[in-house]
Structures are given as structure tokens and as C-alpha cells.
Amino acid sequence: MFSKLKLIPTICLIVYLMSNMNFTNAQCTNTNEYLSATASTTVNEVVTISYCADQGDYNIVNSIVAGYTYTLGADCGGYITVRSGSYNGTVVNHGNAPLTFTAPTSGTYYIHYNTNSSCGTASTCCETTVTRVSTPCFNIIANGSVAAPSGGNTTTISTCQRQNEYATITGAASGNTYILTSSCGGYITITSGSPSGTVVSSGNSPLSFTAPSNGTYYVHYNTNSSCGTATTCCTSTIEHIENPPCQNNSQFGSISAPTSGTATISSCQYRDEYSTISNVVGGSVYSVNLSCSSGGTYITVRIGSYNGTVVATGPAPLQFTAPSNGTYYIHYNAGSDCSYVSGCCTSTMTCVSCLAPPATPQDCEGAILVCSNNSFAGNSNGGGLYSELNSGNQGCMSTEHESSWYYVHVGQSGTLEMTISPDNGTDDYDWAIWGPFTAATAAANCSPVSDPIRCSWNAPPSYDTGMGNGATDTSEGASGDGWIMPLDVLGDQVYVLLIDNFSGSTNPFSLTWGGTAELSCVPVVLGVDISLFEGTDIESNNQLVWKTNREVDNDYFILEHSEDGTNWNIISKKDGFGYSTEIKSYSHLHKYVTNTMNYYRLTQVDFNGNKRTYGIVVIDNNSAKTLLRTLNLLGQEVNDNYKGLVIEYYDDNSIIKKFRK
């Protein structure tokens, strides 16, 4: 007779609807169309495509504009493939959710959702969104024209390039890589065909791009990605990269990015291969190393695909800050010329300063919303990122093994029954239900803060388990029969459901609802939605600003500072608003910072003690400002002897007003 042993309580469950996690370079094509939406013309405005798309559906997004950048979201995570032309048309981009892409043409795009890069499917309600995150900067003032350099040389375009102008580069060679730089920093947009033509690349200066074809390119200079302008004279240059970033074609070795310490990717990594790193967290700092017995080592980090955007290059060990969540591709060579030296090397990745990964349905924070009384299949391959079960909330449950979390929203009152059946007929599934809550309070109680109202931790031979079958008890341990009394539920109530595979086999289950109650798809109001976190150097003081679109159960924020991205000190604590559906703004002025790279991170704390740390903001205070000129209020340049109000212009684009006595 099998018997269970009570284990130390640790975690809670979410339904994680993935079968095999296989991070290959997939391009998925689903055939089931489900809903459409029109992309917003407003930057950073989120448009909901669907509240209940399955991971096996595709959405249609209309009015996408060429050259604009969009972020696609799916609250159940998984894998996204973007196609244009038709549902099975040209692949524009693909990768883990959320996924960002720049539209090569205007028109309609087809967004395919799957559980993983193997194009797995699941009948799960996912909220899917599209957000326009940037606008191309098209300036109308021309200044500077040069022929593209070659042979690794650098050419000055202009010694007075203002950040409201564009320069013209002629004779660029297809496949050649160039670096555009402005001495004032700022933001660069590169177009082809005409000054307002197709966007080839955009980003902060210095900006690297590979010419897709022979011809003329137009380089637009601005102060930031919002197309800010300034009339300060800057020096603009273009450099030809004789040895472009390395791109290997042979894949070997894959791991999930470490959340702490060092993880080995491969003990026999060749210097003509690339490895795949999944679950990289945007804003985290990582170091990649390649240890070889002889010969040089050189690393190229790419994102999006093995031949995608270059994030960082350099000799090993190479440290980089991940610009976004997703899968990264690490290319190994003997030198910057992408050369090869034989012999096994050991490749590793170290978490230098890592943020918490985005929640998955294996944790309560990533719980999936159940939208109807339809039966569904579920599965999990682990206990999630957080230990959410404890002596105050576990009831009959024990340690989490392979967990799945759900929100269950009641649309019509009645009795609620359910049956959980292991697909292989022999796995031991346990479960618990907490509630009732409302759509506004459910997230604040996930992780749960009290014992469940229904709980089953029975041992086989009863493999099917659930609510109903004539049961009258509300909780049972290992000696139970697997069945608990049904729930009497009311409309608009929300319950939190945890299902755990005690057997740890990764085999799936099926859940069937019963009773007279009807379930509905009303989204749970999630916790704190931070829409902005940024910093600015203001006269050698750093101004940190953040905003929230929504707050639920928000106790306070912690702002931390570091000079190395590793060792952190708390510099501010700001009380939250608790519950709010309005935009709230916060700020902190960090005074007397040192002239170095300064790192900041923000942690939000709920009333129940749950924490989430957001992306790192880096401010470069290393460069001393150079005063370019001083003007009076009439716009006349004045010297140091002038008395009264003056305006000082610096080479970092800052402007300071002073009153001289």
C-alpha cells in the first residue's frame, strides 16, 4: 500500500499548459483564427486583442505601420510567431512572450500563440495584447553627406551635426556592417530609399547596422527615442567594421539562464558553435565565459534568433545587460575575426545581478484564468520560482512538486463540482481551493494568506480526485478517498485553484467541471502595473522617476543603488497608494553621486510581504560636462563677466539656467 509522508511546506500551484519545453528556433503556424484588433497609433498604448485566446490560435492585427516597433504580450507566456501577408505567410519574428518586432511593411499581421518553441498547444484562456512602443524619427533638415568608408576606416560626417537633422551615406555595400556615432549620444534612426523611407535600424548612439542592400542610407539624429531635438553642435561619424559580429551556424548546448551563481552550458564547446540560453530576464546583468586550454576566446551575444540583433561582443569573459526577456544565442570564436581553434572548451554563464524571472503558471502570480465550463488539459514540469505554501496557507497540502495555478471566475451562481483525472491513470494528483474573492482582490490573495476551503491530499488507489461523488468532507489527508464536498458559489466570485502532481512524472491531467454553476471570463485585476521607471543625470544628481497605471495591495517601494551592479544599498523607501486605478507618480533625487556608472533597481512590496523587483536603470555619470556656450535672454553669447540670468549649454545636451550676481 502506497503511503504519503508529510514534507516541509514550500510552494503553491499553477496550471502550466506546456508539454515538452524545447527551445529550438521554431516558426509556428496555427490554423485556428480567433479575433482581431487594430494596432494603436499612440505610443505605449496597450490594445487587448483577446481575453481568451488558446495557445494554438492566431490573432489578426490590422493597421501595423512599417518601421514602427510593437510588443506582443500573452499573459500565459509561451511562444509567439509573427507572420505577414497571410496566416502562413512570411515570418517576421518569433520567440518567447512578450515579443518585440519592427514591422518591415505596413498592413495586417498574423500572431500565432503556442506553449513553446516546439509549437505545443493548450486550451487555455490567454489575454493577448499589442503595444506600439516606438515611432521612427524622421528629420527634415539635411546636413552632411559622405561616402561609406571601407577597410575598417572611420569617416567624419559632420563636426556640427545637430540633433534635428539627417545625414546622407552613399555607396554603402550590401552585407557590410557600419557603426554610426554622435559625440552628443542620443538616438539614431537609419532609413533607406528616402529620408522618410524604410527603417533599417534604430537605437541609441553608437548604433551598429548591416546594410541589407547596396545604396544610399539616411541617418537621423535625435536626443532620444521620442524624437527629441537639440541644436547643439555634435560630431557625427561612420565606421566600417572590417570584421562584423560573429555568427556561427552550428548549435550546441542550451540551458535556462541562472537566477544566481554560475551554470555550465557545455564542457565541450567548440569555437565555431553557438549555445542557446532561455529565460533570460530583461534588465539582469550576466557574464558569459569560455575557458580553453589554448588559443583565444571571443564571444558574440545575439537575441531573437541565432543570427539576430547583436547585444554584446568581446573577449571572454563578457558581461552584458539583457535588454529584454527572452532567449539569447551565445556565439564562440577564437577572435574578433570569427576564427576557429580546435579543442574542447567549457562555456559558463554567471548571474551577476539578476532580477526575478517573469511569473509562470507554476506560481500563483502567473495563474491562468479559467473562462468556461469546458474541460481542459493541464501539465507542469516543476514547482515554479517561489515557495508559496507555508504553515499559514497550505491546509492539507505539502511541498509543491509539479504545480499549476488557476483563477476560477463564477459567472452564474450554483454548485461547482470538478473531476481531475491523470492521463496515464496512475499519477497521484492533489489539489486545493482558496476563496471566495472578487476580481479586484483575488491577485492580492495569490499567494494565499489563509487555509484553503477545499483540500485533497489523498493517496492512491483513488487516482481520480475532485469535488462531488457524494462527498461531505471539506479536507482530507493521505487516508482520504480523493473526493471532497462541492462548493456553493455565487456570481462574480473568484477562487484560486492549485493542482499538484505528487508523482512528479510530468504527465498531464484532464479537468472536467460539473454542477449547476457557470464559469465566465472576467479578467482578474492584477497587482501593481509599473508603466515607467527611468533616471536622468541633473547637474551631477540623479533623478529617478517611476509611474504606476494600477495598484492593488501595494504597501511600498524600495529604491536601491549600486556602483557595480552587484552590491546594492537601499537609498529610499516610498509608501504606495494601496489600491488605485489612476496613474500615480513617484520620484527620488539621489544627490552627490560619484562620477561612474550608477545602477538603480526598484522593488515593489505587497501588504502580505510579497516582493517583485523591476528592471535596472543605468545612468552614466562618468563623463565630465564641457560648457559649449553661454547665452543671455536675448540669445547673445556672453562671457564670464556678464551679470544677470544666463543659459549654459553643455556637450551632453543639458541646459542650465543661472543667475549671476
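The values are calculated or read from the model by the stated rules, or taken from the named source; none is laboratory data. Everything quoted here is computed from the prediction, not taken from an experiment. Every residue, glycine as well, gets a Cβ built from its backbone with ideal geometry; the counts of neighbours run over all protein chains shown. Heads up: the accessible areas ignore ligands, DNA and RNA and are worked out on the full protein's heavy atoms, side chains in. Shrake-Rupley method; radii C 1.70, N 1.55, O 1.52, S 1.80 Å.
Numbers for the structure displayed
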read-out: Whole-Hz ³J(HN,Hα) from phi, Karplus 6.51 cos²θ - 1.76 cosθ + 1.60, for segment 310-316, glycine and proline x; value: 7, 9, 7, 9, x, x, 7
read-out: ³J(HN,Hα) computed for each position of segment 61-75 - Karplus, 6.51 cos²θ - 1.76 cosθ + 1.60, integer Hz, glycine/proline x; value: 10, 9, 6, 5, 10, 4, x, 7, 9, 10, 10, 9, x, 9, 5
read-out: Size of segment 44-99 as Cα extents on the principal axes (Å, biggest first); value: 28, 27, 18
read-out: Taking N as its residue count, the alpha carbon Rg of segment 114-161 over 2.2 N^0.38 Å; value: 2.41
read-out: FRET E, pair THR38, SER587, Förster distance 45 Å, beta-carbon r, rounded to 0.05; value: 0.85
read-out: Simple spin-label estimate for VAL449 and SER413 in nanometres, 7 Å along Cα-Cβ; value: 2.7 nm
read-out: Solvent-accessible area of LEU487 with every protein chain in place, 1.4 Å probe, in Å² to the nearest 10; value: 10 Å²
read-out: Mean Cβ count within 10 Å, highest first, over the residues of peptides 202-211, 74-83, 345-354; value: 74-83, 345-354, 202-211
read-out: Cα pair count fraction exceeding 31 Å, expressed as % - the chain; value: 60 percent
read-out: Dipole of the chain [Lys/Arg +1, Asp/Glu -1 at C-beta], most positive-end residue of GLY578, ILE111, GLY343; value: GLY343
read-out: Computed over segment 155-287: relative contact order in percent, which uses C-alpha pairs under 8 Å that are six or more apart; value: 29 percent
read-out: Nonlocal amide H pairs with ILE157, under 5 Å, H built at 1.01 Å; value: SER236, THR237, ILE238
read-out: Solvent-accessible area of HIS588 with every protein chain in place, 1.4 Å probe, in Å² to the nearest 10; value: 40 Å²
read-out: Reduced Cα scattering model of segment 197-236, Debye log10 I(q)/I(0), q = 0.31 Å⁻¹; value: -1.32
read-out: Whole-angstrom gap from segment 422-445 to segment 474-543, using each part's C-alpha centre; value: 6 Å
read-out: Cα coordinate range in segment 268-376, projected on the principal axes (Å, largest first); value: 61, 28, 24
read-out: Under 5 Å, built H, 5+ apart or other chain: amide partners of THR100; value: LEU72
read-out: Mean shadow area of segment 171-323, taken as a quarter of the surface of its Cα convex hull (nm²); value: 10.8 nm²
read-out: Extended-chain gain in nm, criterion 0.36 nm per residue less alpha-carbon gap, TYR579 and ALA439; value: 49.1 nm
read-out: Linear extension gain, THR506 paired with ILE140, 0.36 nm per residue minus alpha-carbon span; value: 125.9 nm
read-out: Cα Rg, Dmax, segment 96-198, angstrom units; value: 19.6, 59
read-out: Antiparallel bridges, percent of DSSP beta bridges restricted to segment 177-325 (to nearest 5); value: 85 percent
read-out: Within segment 105-145, backbone nitrogen closer than 20 Å to the virtual label 7 Å beyond the Cα of ASN374 toward Cβ; value: 111-116, 119-129
read-out: All-pairs alpha carbon distance profile, segment 492-601, 5 Å steps from 0, percent; value: 2, 8, 15, 14, 11, 10, 9, 9, 9, 6, 4, 2, 1, 0
read-out: Stretchable slack from SER118 to SER479, in nm (0.36 nm times residue separation minus alpha-carbon distance); value: 125.9 nm
read-out: For segment 446-457, 3J(HN,Hα) per residue [Karplus equation, 6.51 cos²θ - 1.76 cosθ + 1.60, θ = phi - 60°, Hz, x = Gly/Pro]; value: 9, 6, x, 10, 8, 5, x, 8, 9, 7, 9, 9
read-out: Equivalent ellipsoid, segment 27-163 (semi-axes from 5 times Cα gyration tensor eigenvalues, Å); value: 36, 17, 13
read-out: ASP464-SER196 pseudo-label distance in nm [points 7 Å out on the Cα-to-Cβ vector]; value: 6.7 nm
read-out: Accessible-area value, MET597, 1.4 Å probe, nucleic acids and ligands omitted, Å²; value: 70 Å²
read-out: Segment 409-511: proportion of alpha-carbon pairs further apart than 16 angstrom, %; value: 57 percent
read-out: Inter-part distance where segment 98-121 and segment 200-232 are each reduced to a Cα centre, Å; value: 26 Å
read-out: Percentage relative contact order, the chain, counting C-alpha pairs under 8 Å, at least six apart; value: 11 percent
read-out: Amide hydrogen neighbours beyond the local backbone of CYS354, cut-off 5 Å, H modeled; value: VAL285
read-out: Sequence of GLU560, GLU242 from largest to smallest accessible area, 1.4 Å probe; value: GLU242, GLU560
read-out: FRET efficiency for CYS344 and SER287, using Cβ-Cβ distance with R0 set to 22 Å, rounded to 0.05; value: 0.60
read-out: Cβ crowding within 10 Å averaged over residues, with 89-96, 30-37 ranked highest first; value: 89-96, 30-37
read-out: Positive-end residue, segment 414-536 charge dipole about Cα centroid, Cβ charges, pick of SER531, ASN469, ILE420; value: SER531
read-out: Cα→Cβ-extended label distance, 7 Å offset, between ASN88 and LEU490, nm; value: 5.2 nm
